[in-house]
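Peer 1: One structure, pasted below without further comment.
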Amino acid sequence: MALGEFKVHATAGNARRATLMTAHGPVQTPVFMAVGTKATVKAMTPEELKECGTQVVLGNTYHLHLRPGEKTIAKMGGLHKFMNWDGPILTDSGGFQVFSLSQLRNMSEEGVEFRSHLDGAKHFISPEKSMEIQMDLGSDIIMAFDECLQYPATDDQIEKSMALTYRWLLRSRDAMTRKESLLFGIVQGGLSLNHRLKSMEQICSVDLPGYALGGFSVGEPIHLMHELLPHVAPKMPANKPRYLMGVGTPTDLIIAIDSGIDMFDCVMPTRVARNGTIYTWNGKVSIKRAEYKEDPSALDPECDCYTCRNYSKAYLRHLFLSGEILGSRLNTIHNIHFYMKVMEKARAAIAEGRWEEYKNFCLARFAKKEK
Ligand SMILES: CNc1nc2c(CC[C@H]3O[C@@H](OC)[C@@H]4OC(C)(C)O[C@@H]43)c3nc(N)[nH]c(=O)c3cc2[nH]1
Ligand SMILES: [Zn+2]
């Protein structure tokens, strides 16, 4: 397959089983990408990520620009070498984090001036600067510099913001000089269907290797996203990957795959692992509950990850209550393994004509409540 080629092998309604070719190898979709904001997927080594079936790791322009700086990472041989990850890396463009993390100074057509949340130093990111940072990092998939509007937003704010995001996409595209990197455009448009379709028309009119849906999972009631997705995702170019940014729970993944989404990222599995929430094939487990104090069973009897093969709920509860680092590591290994297993089985189900059955199985299982 050629660089950037997206080959659809099978479909089931809007769901697709496909392969995206990147400079660091093929990505089998639907895919869940592990979030490695500061050049590490928290608490896991690259070997453990691979063992869990991780294909793509995310990095971030905003965080890595502030520390250690993309020029330093470039001097160290680029982000792959720096973090010892030889698979595909996708980097977010930093817009979302500037708006959500920093004390924003001001925003203009040119770009965004902000103060670092680390030391208050002044910085400026524009579409051109964001592309330069991501190319210095050696990213395989680069996200266009966009404005991710907060929720709720007025129609006027949505229209102005998506027009800016479109103009910034054109500047992002014109600033791309690294042919190994694939640029994805980001569709905005808030939570209104007509704005979403208008933004999709604009963004997808630019010929790119892939397109993302941004502006979701920003505090809106999640059902609004579920209601919009089936009307938007299937209308995006069928021969290009569709990436739903920042989503989501296992249930969200299944619902979005069913609407035609191919790629996902979310801090959920790693973040909730560190505070003791475990995803299993029978719903969520909160390891700190007293009922697990002397429970010899694995987190999930249906899981074959390193954690479930070697440790009991009693031990993992003890580690969590003791604030032991190993607790974070073992819980994260399980949650990442679980997410990757859900996606691996989804790929097989679509390929083998079993998607409806697998979808309904997952939605029922994931909804089960702890006794
Ligand atoms: C959680 N909900 C959510 N995240 C979103 C993102 C950022 C996604 C990145 O932010 C981090 O999650 C907070 C993840 O770790 C890194 C590595 C930073 O990458 C992921 C978005 N990014 C852009 N450019 N545009 C968007 O409209 C957008 C919407 C999102 N909704
Ligand atoms: Zn497990």
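The values are calculated or read from the model by the stated rules, or taken from the named source; none is laboratory data. Worth saying up front: this structure is predicted, and the values here are computed from it rather than measured. No Cβ is skipped: glycine too gets one built from the backbone with ideal geometry, and neighbour counts run over all protein chains shown.
Peer 1: Do any helices (runs of 4 or more DSSP H) entirely within the stretch 76-194 hold 1 or more residues that are of a type in the set (Val, Ile, Thr) and at pLDDT below 95, and if so, which?
Peer 2: 95-101
Peer 1: Now for a separate question. Just name the residue that is farthest from residue 334 (Cα to Cα) out of those in the stretch 38-67 that are part of a loop (DSSP other than H, G, I, E, B) and away from ligand 1 (no atom under 16 Å from the Cβ).
Peer 2: This residue is 45.
Peer 1: Go through the stretch 327-371 and give me each residue that's over 30 Å from residue 314 (Cα atoms) and among the acidic types (Asp, Glu). Let's see the steps before the verdict.
Peer 2: Within the stretch 327-371, the subset over 30 Å from residue 314 (Cα atoms) is 346-360.
Correct list: 352, 356, 357.
Peer 1: Just checking, which of 126, 139, 161, 181 is within 12 Å of ligand 1 (Cβ to nearest atom) and touching a strand residue (DSSP E or B) at 6+ places or on another chain (Cβ under 9 Å)?
Peer 2: 139 is the lone residue from the list that is within 12 Å of ligand 1 (Cβ to nearest atom) and touching a strand residue (DSSP E or B) at 6+ places or on another chain (Cβ under 9 Å).
Peer 1: Within 16 Å of ligand 2 (Cβ to nearest atom), at positive phi and out of contact with any Pro (no Cβ under 6 Å at 6 or more places or on another chain): does that describe residue 323? Walk me through how you get there before you give the answer.
Peer 2: Working: within 16 Å of ligand 2 (Cβ to nearest atom): no; at positive phi: yes; out of contact with any Pro (no Cβ under 6 Å at 6 or more places or on another chain): yes.
In short, no.
Peer 1: Residues of the stretch 278-310 being in contact (Cβ under 8 Å) with a residue 40 or more places away in the chain and either within 16 Å of ligand 2 (Cβ to nearest atom) or surrounded by 22 or more Cβ atoms within 10 Å (Cβ to Cβ) (or both), which ones?
Peer 2: Within the stretch 278-310, 278, 279, 280, 281, 282, 283, 284, 285, 286, 287, 305, 306 qualify.
Peer 1: Pick from the stretch 203-222 the residues that are among the hydroxyl-bearing types (Ser, Thr, Tyr) and in a loop (DSSP other than H, G, I, E, B): which of them is farthest from ligand 2 (Cβ to nearest atom)? I'd like the intermediate steps shown before the answer.
Peer 2: Of all residues in the stretch 203-222, those among the hydroxyl-bearing types (Ser, Thr, Tyr) come to 205, 211, 217.
Okay, now just the ones that are also in a loop (DSSP other than H, G, I, E, B), so 205, 217.
Details: 205: 44, 217: 25 Å.
Per the stated criteria, the residue is 205.
Peer 1: Suppose we keep only residues that are more than 16 Å from ligand 1 (Cβ to nearest atom) and buried (at least 24 other Cβ atoms within 10 Å of the Cβ) within the stretch 28-37. Which one would you say is nearest to residue 271 (Cα to Cα)?
Peer 2: So the residue we want is 30.
Peer 1: Could you give every pair whose Cβ atoms fall below 8 Å, whose first residue belongs to the stretch 218-246 and is under 18 Å from residue 19 (Cβ atoms), and whose second residue is of a type in the set (Gly, Ala, Ser) and in a loop (DSSP other than H, G, I, E, B), counting only separations of at least 6 or pairs across chains?
Peer 2: If the second residue must be of a type in the set (Gly, Ala, Ser) and in a loop (DSSP other than H, G, I, E, B), the pairs left are 236/260; 242/260.
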